[in-house]
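One structure below.
The values are calculated or read from the model by the stated rules, or taken from the named source; none is laboratory data. No experiment lies behind these values; they were computed from the predicted model shown. Please note: Cβ atoms are built from the backbone with ideal geometry, for glycine as well, and neighbour counts cover all protein chains shown.
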Amino acid sequence: MKKLLIFAILVTLVGCKTAPVAPKFPDVPNELTKSCPDLTLIDESVTKLSDVMTVVSKNYNQYYECKVQIDNWIEWYNMQRDINNKIGK
């Protein structure tokens, strides 16, 4: 009986041991993987300042949209890295 009890305790202890599991770093959301569009070039035949300003305004808008996307990417990456590092410890 004593041997059976010792055997049951050993089986239980060995069965409880788990292998260390390394967390998988998450995949990047699709909306953060899109590249920024190319800026619009001014046609050489354009002579009106209003047309030039329209292109410049559009380029500024594209830049700030891309900046927000890159800032979101950096925030997401840093947050995921911190979570991954905390879990891995």
Inset, instruction - Please name all residue pairs, on different chains or six or more residues apart, with Cβ atoms under 8 Å, provided the first residue is in the range 64-84 and is without any contact (Cβ under 8 Å) to a residue 40 or more places away in the chain and the second residue is surrounded by 13 or more Cβ atoms within 10 Å (Cβ to Cβ). - result: Gln69/Leu32
Inset, instruction - Only residues in the range 35-63 that are on the phi < 0 side of the Ramachandran plot count as the first member; pair them with residues that are modelled with pLDDT of 95 or more and small (Gly, Ala, Ser), Cβ under 9 angstrom, at least 6 apart or cross-chain, and list the lot. - result: none
Legend entry - Selection within the range 33-62 - surrounded by 12 or more Cβ atoms within 10 Å (Cβ to Cβ), closer than 30 Å to Tyr77 by Cβ and modelled with pLDDT of 90 or more: Leu39, Thr40, Lys58, Asn59, Gln62
